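Trainee: I am attaching a structure below and will ask some questions about it afterwards.
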């Protein structure tokens, strides 16, 4: 989509990370999600993967966009939408500060969410029984979790992440996803 001519302020680039998309009965096509974003006046809208990663540009504040999109997505798809918006610099820092080296036997995840979610998740991780070689670290207010492949949903911490009292507070992505988002935002 071309920039909206009504927007005279400088556009900033963002990615919205939707929570719970195409899992648990909430199925949506990313092309349709992008149309909702465009209808809300956002520019340069595109998606990466089918897990709810929507790139866009806007001259509005992230909080304003987040509130508009929660309402619009909830109405359009008839579900309680949750999403978290990061700007390009935040995603660059998240990728740069990843404390874990890539390893073929592990997944590394990072989490975005409400204020202080990293501290909340670290406390939960420390109180859980961890799998062999499962690790978590906080770097610059960001929580990173490394878990052996095929143990993500089997680990005690993985089960904690699905708790009802936590699930609307954050979303997670594999570091590979954040890297792909960054390459598209900042080629």
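The values are calculated or read from the model by the stated rules, or taken from the named source; none is laboratory data. Just so we're clear, the structure is a prediction, and the values are computed from it rather than from any experiment. Virtual Cβ from ideal backbone geometry, glycine too; neighbours counted across all protein chains shown.
Trainee: What do you reckon, is residue 36 assigned to a helix (DSSP H, G or I), modelled with pLDDT of 95 or more and in the same structural domain as residue 168 (by TED's automatic domain parsing)? Full working, then the answer.
Mentor: Details: assigned to a helix (DSSP H, G or I): yes; modelled with pLDDT of 95 or more: yes; in the same structural domain as residue 168 (by TED's automatic domain parsing): no.
Answer is no for this residue.
Trainee: Can we say residue 61 is at pLDDT below 95 and in the same structural domain as residue 149 (by TED's automatic domain parsing)?
Mentor: Numbers: at pLDDT below 95: yes; in the same structural domain as residue 149 (by TED's automatic domain parsing): no.
Criteria not met by residue 61.
Trainee: Identify the single condition in (1) under 19 Å from residue 166 (Cβ atoms); (2) touching a residue at least 40 places away in the same chain (Cβ under 8 Å) that residue 70 does not satisfy, given that it satisfies every other one.
Mentor: In the conditions (1) under 19 Å from residue 166 (Cβ atoms); (2) touching a residue at least 40 places away in the same chain (Cβ under 8 Å), residue 70 misses (2) alone.
Trainee: Can I ask one more? Taking the stated definitions as given, is residue 109 over 24 Å from residue 10 (Cα atoms) and in contact (Cβ under 8 Å) with a residue 60 or more places away in the chain? Before you say what the answer is, go through the steps one by one.
Mentor: Values: over 24 Å from residue 10 (Cα atoms): yes; in contact (Cβ under 8 Å) with a residue 60 or more places away in the chain: yes.
So residue 109 fits the description; yes.
Trainee: Still on this model: Which residue, of 151, 140, 82, is in contact with a helix residue (DSSP H, G or I) (Cβ under 8 Å, 6 or more places away or on another chain), in contact (Cβ under 8 Å) with a residue 40 or more places away in the chain and over 21 Å from residue 53 (Cβ atoms)?
Mentor: Unique residue meeting the criteria: 140.
Trainee: Could you tell me whether residue 85 is assigned by TED's automatic domain parsing to the domain that holds residue 37 and under 13 Å from the mean Cα position of the chain (by Cα)? Steps first, answer last, please.
Mentor: Working: assigned by TED's automatic domain parsing to the domain that holds residue 37: yes; under 13 Å from the mean Cα position of the chain (by Cα): yes.
Yes: the conditions hold for residue 85.
Trainee: If you scan region 25-47, which residues turn out to be surrounded by fewer than 19 Cβ atoms within 10 Å (Cβ to Cβ) and touching a strand residue (DSSP E or B) at 6+ places or on another chain (Cβ under 7 Å)?
Mentor: The initial filter retains those residues of region 25-47 that are surrounded by fewer than 19 Cβ atoms within 10 Å (Cβ to Cβ), namely 25-29, 31-32, 34-35, 38-41, 43-44, 46.
Those that are surrounded by fewer than 19 Cβ atoms within 10 Å (Cβ to Cβ) and touching a strand residue (DSSP E or B) at 6+ places or on another chain (Cβ under 7 Å): 34, 38, 43, 44, 46.
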